[in-house]
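Here the structure is laid out as structure tokens; the discussion comes afterwards.
The values are calculated or read from the model by the stated rules, or taken from the named source; none is laboratory data. Remember, it's a predicted structure, so these values are computed and weren't measured experimentally. A quick note on method: Cβ atoms are made from the backbone with ideal geometry, for glycine too, and the neighbour counts reach across all protein chains shown. Heads up: the accessible areas ignore ligands, DNA and RNA and are worked out on the full protein's heavy atoms, side chains in. Shrake-Rupley method; radii C 1.70, N 1.55, O 1.52, S 1.80 Å.
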Amino acid sequence: MFKRFFMWAFTCTAALSVCATDLKYPDSLNKEITDSITYDATLESLLDEITVVAKSKTTKTDRMVIIPPRNKVEASTSGVDLLQRLALPGISVNQMTGNIGLISGGILSLCINGVPASSSQIASLDPDDILRIEYHDCPGAKYGDADTVVDYITCRKDKVGGRLFLESMNCIGNGKFATLDEISVQIYHGKSVWSVNAGYAQMKRDNWIRDYEETWRYPDGEIVRMEKGLPVKVGTSMLGSEVNYRYVHDEANIFNARLSFSYNDTPYKEEGDRHSFLTASDRPYITEILEHTAECTLRPSVSLYYRHAFDNSRAISFDMEGSWLHSQSNHTYSEKTADKELCDIFARTEGDKYAIHVRGIYEATMESGRFTTGIMHNQSHVSNSYQLDRNGDNIEKNAINQSESSIFAEYHLRIQKWGFTGALTGNRLSATQGSVGIIRYSVLPELSMSYHPDAECFVRYNLQFAHKLPPLASMSGISQEIQPGMIRCGNPDVKSFSAISHGFTFSYSGKYAGVNLSVRYLDESKPVMNNVLYEDGLFVQTYMNQKYFRKLQTECMISITPVRNYITLWATPDFSRYFSKGNNYNIVKNIFRIHFGADVEYRHFIFTACTMSGPENYMYGDEIITEKPMNMILAGYKGHNWTLQAGAFNLMRNYWMKTENFSPLTPYKSEAHCGRNIYFAVKVSFNLNNGKHKKEEDIENFPSESSLDMDAGIVNGFK
């Protein structure tokens, strides 16, 4: 059924159109790029039989500019694969799912030539077309909430012609299966480029086990609950497809339109399914527990982008994205003994979220620096319906409206070896639910200062103020039963809260080794976090504004190239210390991880190996989650327009995920595992280019993050 759905979605989106060519570098940007290149090291570009060797990485006040070395380009099959081989600090690439994320968590925005892009579009990029990658690890005010921006700057080689890209990876293990398929078709004609991309990923395993230990502390005593887990199925499927049209009328006018479609189906949810036998201190018998959660989301969206350059130093751009997110969730929980059913809890949730994102930016480049100003507006409406029994007699509904409007001004200044960035943002936040609402006005400054003593070293400090709305689910007035004696509900009375973040960065890029050290400190005042109450004989899992949350995170990437152009090795130790003070708890915890990677290219033979950090390594409120990193080994042969690779995932370690909650009333520890989670993989790529070759440079330097509105704001009933 899902395969038929995939073909239907791809056929529908293929009926629409895409993009353009013929852009040249503005003189001011040419000067900026030229000034940033030191002709001493790792990139070889053949220009009219003259070989120019240039430094592949250059760090600036607000970003790192990476010119991919030729051997990395030739060994890569896609934009995602190239990003994996470049091993940028803080970036995690999961080759099994195709996801690109941040090791330390947060919002990552992907762009192609400044236009917001999806991971499927990145996967369809031809590495030969990538001029450079701009890695904004300290994005300014114009990027909104994005913590990091990765912008692919590409060129167009085919004046008239087309390109077909196919990639498929299948992974099989004992009781496990995963697949990742990508297809892209691009047609170039004159000043227009049409492209259609589609990706499909599926993952499932049947040996997921979760053990549980929980304590319920009543006013007159406590109950200890111990669960011994049994194997259950978990699985998810993801489909994404899009059509993009790009038109360049001349060097001053660019138009881009994209229609996207995504569908996620999770018939067995990893954190919402369990089968176990419960032993409780308040009962003499053993109880069998069965919990099951199935979810699916459907999200079509349309985005428009337009840029007009007045001259070589001034430009204005507009972008807009509108989306509709439809979500469904079914949750069941039952307890029974050998001869009696103790409880049967059912909940069905269906909801819609409509969101729009609008932005306008004006940017001017001057002799001493760059001035940017703009306006942004985000608006969303969420409407969810909760059916809390199987007969449909108990139905509750809630609706929440959210908006954020801001106007900002930002100035970049360069004085010899120093760089300064100052920004000021006027912000209005609004959230309403019935007669309850939040309206908050704030002025948010931002400061960044950097020093570049020589071509190898770079030091930067940045300070940023923010104001945040509570998560959607936390504001909902809906209550759901988790299990007998415990419920979860939102709190419409929660308030917005403020945050201050500090960042320090040091990098060294030498001939054979590189170091990138980042230290970040986040301080949230009165954040909205989990809170447990005891009311009317029930434990109530809800949300409240707590006292503070602080996070100190240190990450250091060390890379070496012992054999130039052939071997790259890297290691990234990561240490986070969390300070969470609630109204009735004070918790301090640490998380330490270390990641490794190796990349080898020799003639047509390629090899890559790395550990991949999962997203579940963080602490917030009274809960900490840690997850064992995945690992990957792939080796193969790359031909002229095809690649064949084979390898394994999770070859060396058992996989597990641990959750600990330190609530004073209902502390618990959950340990989920699936033993040796080995997948053996085969990956095949095919790339066919056809057309008249006329190399044209194509650049857009006014990026914007994609406002992927995937938060449905649902209050769930699983642990």
Would you point out which residue out of 277, 255 is assigned to a strand (DSSP E or B), within 30 Å of residue 337 (Cβ to Cβ) and open to solvent by 20 Å² or more (accessible area, probe 1.4 Å)?
277
Would you mind finding the one in 662, 607 that is at pLDDT 85 or above, of a type in the set (A, V, I, L, M, F, W, C), open to solvent by 50 Å² or more (accessible area, probe 1.4 Å) and closer than 29 Å to residue 551 by Cα?
662
Tally of residues being of a type in the set (A, V, I, L, M) and surrounded by fewer than 19 Cβ atoms within 10 Å (Cβ to Cβ) across the stretch 610-634
1
Can you give me the ranges of the strands (runs of 3 or more DSSP E) entirely in the stretch 20-112 with at least 1 residues that are open to solvent by 20 Å² or more (accessible area, probe 1.4 Å), farther than 30 Å from residue 420 by Cβ and modelled with pLDDT of 75 or more?
91-94, 99-102
If we keep only residues of the stretch 117-137 that are under 16 Å from the mean Cα position of the chain (by Cα) and in a loop (DSSP other than H, G, I, E, B), then the residue nearest to residue 240 (Cα to Cα) is 118
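For (1) within 30 Å of residue 406 (Cβ to Cβ); (2) touching a Ser or Thr at 6+ places or on another chain (Cβ under 8 Å), each residue gets a yes or a no:
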| position | (1), (2) |
| --- | --- |
| 118 | yes, yes |
| 122 | yes, yes |
| 177 | no, no |
| 181 | no, yes |
| 195 | no, yes |
| 201 | no, yes |
| 205 | no, no |
| 212 | no, yes |
Can you pull out every residue in the stretch 447-470 that is more than 30 Å from residue 431 (Cα to Cα) and charged (D, E, K, R)?
454, 456, 460
Qualifying position, being outside any strand (DSSP E or B), in contact with a strand residue (DSSP E or B) (Cβ under 6 Å, 6 or more places away or on another chain) and farther than 30 Å from residue 242 by Cα, among 390, 370
390
Among the residues of the stretch 635-659, write down those that are part of a strand (DSSP E or B) and crowded, with 20+ Cβ neighbours inside 10 Å.
636, 643, 645, 647, 649, 655, 657
Which ranges mark the strands (runs of 3 or more DSSP E) fully within the stretch 415-498 that have 2 or more residues being farther than 22 Å from residue 401 by Cβ and free of Cβ contacts under 8 Å to residues at least 40 places away in the same chain?
418-433, 436-451, 457-468
Near pairs, Cβ below 7 angstrom, 6+ apart or cross-chain, from the stretch 370-382 (crowded, with 20+ Cβ neighbours inside 10 Å and hydrophobic (A, V, I, L, M, F, W, C)) to any residue that is at pLDDT below 95 and outside any strand (DSSP E or B)
376/144; 382/472; 382/713
Among the residues of the stretch 153-174, the number that are under 19 Å from residue 112 (Cβ atoms), among the β-branched types (Val, Ile, Thr) and open to solvent by 10 Å² or more (accessible area, probe 1.4 Å) is 1
Yes or no: the stretch 234-250 includes at least one residue that is buried (at least 20 other Cβ atoms within 10 Å of the Cβ), more than 30 Å from residue 651 (Cα to Cα), of a type outside the set (Ser, Thr, Tyr) and at pLDDT below 90.
yes
With the checklist (1) at pLDDT 85 or above; (2) open to solvent by 30 Å² or more (accessible area, probe 1.4 Å) in hand, flag the one item residue 150 doesn't pass.
(2)
Considering residues that are open to solvent by less than 30 Å² (accessible area, probe 1.4 Å) and modelled with pLDDT under 90, the number found within the stretch 676-690 is 2
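For (1) among the aromatic types (Phe, Trp, Tyr); (2) buried (at least 18 other Cβ atoms within 10 Å of the Cβ), each residue gets a yes or a no:
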{"position": "401", "(1), (2)": "no, no"}
{"position": "420", "(1), (2)": "yes, no"}
{"position": "438", "(1), (2)": "no, yes"}
{"position": "446", "(1), (2)": "no, yes"}
{"position": "454", "(1), (2)": "no, no"}
For residue 144, the lone unmet condition from (1) among the small types (Gly, Ala, Ser); (2) at negative phi; (3) open to solvent by 10 Å² or more (accessible area, probe 1.4 Å) is (2)
Please verify whether residue 301 is touching a residue at least 12 places away in the same chain (Cβ under 8 Å), polar (S, T, N, Q), within 25 Å of residue 482 (Cβ to Cβ) and surrounded by 21 or more Cβ atoms within 10 Å (Cβ to Cβ), treating the condition exactly as stated.
no
Could you check, for the stretch 643-663, whether at least one of its residues is of a type in the set (Asp, Glu) and more than 29 Å from residue 211 (Cβ to Cβ)?
no
Contact list please: Cβ distance under 9 Å, first residue in the stretch 532-549 and in a loop (DSSP other than H, G, I, E, B), second residue of a type in the set (A, V, I, L, M), pairs at least six apart or on different chains.
546/528; 546/529
Here are some conditions: (1) in contact (Cβ under 8 Å) with a residue 60 or more places away in the chain; (2) open to solvent by 20 Å² or more (accessible area, probe 1.4 Å); (3) not β-branched (Val, Ile, Thr). Residue 502 meets all but one. Which one does it not meet?
(1)
